[in-house]
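Have a look at the structure below, then the notes.
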Amino acid sequence: MTWGFFWEQLDRFGIIIGLITGVITMLIWLHLKWREKKDNDLIAVNLLDLSVGYKATLPCKIRRKNLTRAELQGLLGMLPMNEKGKRYELDGLNHVDFFSSLEKAQVSRDIYEVNILCTNDDLMQFDKARLETFCEISEI
């Protein structure tokens with residue numbers, strides 16, 4: 001065995017390792033691009049009153065990576081209230097189904113909206129005339 005043969009084999013081994021590393025790097029890069037696209041999906045937030053078939057879609061959408069209960073509450077806090085300076089109270093934000101749907105929206109690529117179930121009394125806290133200028137109102 002000569003040293004030339006040894007160095008030639010070591011060189012081939014280095015090339016193979018380099019190629020494998022390049023392929024793994026490309027796969028990681030593609031995965032990160034996919035994750036970034038998923039994390040930047042915009043999620044719509046709806047206030048639903050199923051008893052009267054009322055749906056108000058809030059004007060701002062939230063990026064999936066920022067979709068938290070606190071972020072939703074901040075968005076809801078910007079809505080016009082009947083009593084100036086008063087904070088809203090929505091029982092739907094404390095319900096188990098809401099937390100479940102929020103978690104699904106954070107994880108699933110197929111969900112592009114979060115629904116907050118409200119009663120008519122919940123919606124009466126908001127200034128409906130001004131709310132209709134901010135939100136997209138529809139019937140369900």
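Quick look at the numbers
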quantity	calculated
Pick from the range 83-123, criterion assigned to a helix (DSSP H, G or I), among the acidic types (Asp, Glu) and touching a helix residue (DSSP H, G or I) at 6+ places or on another chain (Cβ under 9 Å), ranking: farthest from residue 39 (Cα to Cα)	122
Scope the range 31-76; condition assigned to a helix (DSSP H, G or I) and either hydrophobic (A, V, I, L, M, F, W, C) or at positive phi (or both); matching residues	32, 34, 70, 72, 75, 76
Residue check, residue 108 surrounded by 11 or more Cβ atoms within 10 Å (Cβ to Cβ), among the hydroxyl-bearing types (Ser, Thr, Tyr), over 14 Å from residue 44 (Cβ atoms) and not assigned by TED's automatic domain parsing to the domain that holds residue 35	yes
Residue count for the range 81-105, restricted to those that are of a type in the set (A, V, I, L, M) and exposed (fewer than 11 other Cβ atoms within 10 Å of the Cβ)	1
Residue pairs meeting the criteria (Cβ under 6 Å; at least 6 apart or on separate chains; first under 12 Å from residue 56 (Cβ atoms), in the range 116-140; second among the charged types (D, E, K, R))	118/49; 123/49; 138/55; 140/55
The range 124-140, residues that are within 20 Å of the chain's Cα centre (by Cα) and in a loop (DSSP other than H, G, I, E, B)	135
Filter result for residue 62 (without any contact (Cβ under 8 Å) to a residue 12 or more places away in the chain, surrounded by 10 or more Cβ atoms within 10 Å (Cβ to Cβ) and of a type in the set (A, V, I, L, M, F, W, C))	no
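The values are calculated or read from the model by the stated rules, or taken from the named source; none is laboratory data. Given the structure is predicted, the values throughout are model-derived calculations rather than measurements. Because the Cβ atoms are built from the backbone with ideal geometry, glycine has one as well, and the counts that use them run over all protein chains shown.
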